[in-house]
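In what follows, a single structure is set out as structure tokens and then discussed.
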Amino acid sequence: MNKIWCLGLSLALGLGSAQAARQMEWLNRGLVAVKTTNGVFLSWRVLGTDGNTTGFNLYRDGEKIASFTGSQASNYTDTKGTASSKYSVKAVVGGKEMAADAAVSVWSNQYLTVNLDRPNGGSDYTYSPNDIAVGDVDGDGEFELILKWDPSNSKDNSQKGKTGNVIIDCYKINGKKLWRIDLGVNIRAGAHYTQMLVGDYDSDGKAEFAVKTAPGTKDGSGKNLSLGSAKGADHSKDYRNSNGYILSGPEWLTIFNGETGKEMATVDYNPGRGTVKSWGDSYGNRVDRFLATNAYLDGKKPSMVFQRGYYTRTAITAYDWDGKTLSQRWYYNAATSGKECYGQGNHNISAGDVDGDGFDEIVEGSCAIDHNGKFMYRTG
């Protein structure tokens, strides 16, 4: 078994007035109890909807040990606490005490160990844990971990060579593995290829998972993709060229059920590769540099935003999922040198309401795209 470590600090969320109508995940208080030399340190989550009027009562073994107003810190050191103590916290709203989450035990260390199931490698490579995204995939108020396994022979886009498959797992905090997705031989492994998005896109209280896929991808049930654009595809075909690049063959975007990992919809991936050299080189480096982010483009619920290219040509597509259909909201393409976002990108993408209209804009490198997919500015 392999292990990852999560620091025992709770997350405090804040929202500005322009974002008050935005959909947020329902999360529990995330109470953490950690043994220290002078007792037990406790920390819990303050939600963006709480405000300064929400107070808290803290309990040890069913006995109230402290109370807090909404303007006080959401942490406390219980000098009488022991390693065997059990703790719970209850919000107090308008003078009324709310129900508590399940009581938590005390961590013996200042981190939580989560056991992982390392995939089997190949004859010339092994797997290591790589990027992690978080989301509440089963609606229990607790974040799950969506983890990408990176093969030891993964390549930067500038490097030739074939790689092992990209594997993605979902784990509960207690280490239970919910599913495993194998992206297959037609998704290359490396830092810039696989961008994972997790969010509750259809507002059903459970987060979904979206990622670029291809023939050979198997969902969390172990089956090849078969819906939409993937219907009737030849999953036995290997599109890698002699240098290991994948410059031909279908490209898809798939949204998976976050709780089971099963395919829910698959569409053609846009921005598509088109002519490889139109992205800045002919051997396959810049055509396959991807970015992605969630963005509140309508000011209420998250959309998926996927970007291709950033050194020269830059193209960005926004998608929505309503529980039945994975649809394109808009497509932006900067393909002319010196114009708009062409050549203004770098290795990151961000979303935020930069003009105060309540909708997220897309900022990438030295340019920005408005929430409706229209060009905003470039700095040059």
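Overview of results
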read-out: Among the residues listed as Ser366, Ser327, Ser337, the single one being at pLDDT 95 or above and open to solvent by 70 Å² or more (accessible area, probe 1.4 Å); value: Ser337
read-out: Some residue of segment 155-173 being without any contact (Cβ under 8 Å) to a residue 40 or more places away in the chain and under 30 Å from Leu27 (Cβ atoms); value: yes
read-out: Of all residues in segment 47-67 being modelled with pLDDT of 95 or more and hydrophobic (A, V, I, L, M, F, W, C), the one that is most open to solvent (accessible area, probe 1.4 Å); value: Ile65
read-out: Contacts under 6 angstrom Cβ, first residue in segment 256-272 being farther than 30 Å from Asn333 by Cβ, partner assigned to a strand (DSSP E or B) and open to solvent by 30 Å² or more (accessible area, probe 1.4 Å), 6 or more apart; value: Asn257/Met264
read-out: Members of segment 219-254 that are on the phi > 0 side of the Ramachandran plot and open to solvent by less than 50 Å² (accessible area, probe 1.4 Å); value: Gly222, Gly244, Gly249
read-out: Within segment 314-348, considering residues that are under 30 Å from Ala230 (Cβ atoms) and among the small types (Gly, Ala, Ser), the one nearest to the chain's Cα centre (by Cα); value: Ala318
read-out: Subset of segment 90-102 (residues that are touching a residue at least 24 places away in the same chain (Cβ under 8 Å) and either out of contact with any Lys or Arg (no Cβ under 8 Å at 6 or more places or on another chain) or surrounded by 15 or more Cβ atoms within 10 Å (Cβ to Cβ) (or both)); value: Lys90, Ala91, Val92, Val93, Gly94, Ala100, Asp101
read-out: Every residue from segment 103-119 that is surrounded by 13 or more Cβ atoms within 10 Å (Cβ to Cβ), modelled with pLDDT under 95 and either touching a helix residue (DSSP H, G or I) at 6+ places or on another chain (Cβ under 7 Å) or part of a loop (DSSP other than H, G, I, E, B) (or both); value: Gln110
read-out: Checklist (1) under 27 Å from Asp202 (Cβ atoms); (2) of a type in the set (Ser, Thr, Tyr); (3) free of Cβ contacts under 8 Å to residues at least 40 places away in the same chain applied to Ser350, failing item; value: (3)
read-out: Gly48 vs. criteria assigned to a loop (DSSP other than H, G, I, E, B) and in contact with an Asp or Glu (Cβ under 9 Å, 6 or more places away or on another chain); value: no
read-out: Matching residues in segment 255-311 - criterion: being in a helix (DSSP H, G or I) and open to solvent by 30 Å² or more (accessible area, probe 1.4 Å); value: Lys277, Ser278, Arg286
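The values are calculated or read from the model by the stated rules, or taken from the named source; none is laboratory data. Note that the coordinates shown come from a computational prediction; the quantities given were computed from them, not determined experimentally. Backbone-built Cβ (ideal geometry, glycine too); neighbour counts: all protein chains shown. Ligands, DNA and RNA are excluded from the accessible area calculation, which covers all protein heavy atoms including side chains. Shrake-Rupley method; radii C 1.70, N 1.55, O 1.52, S 1.80 Å.
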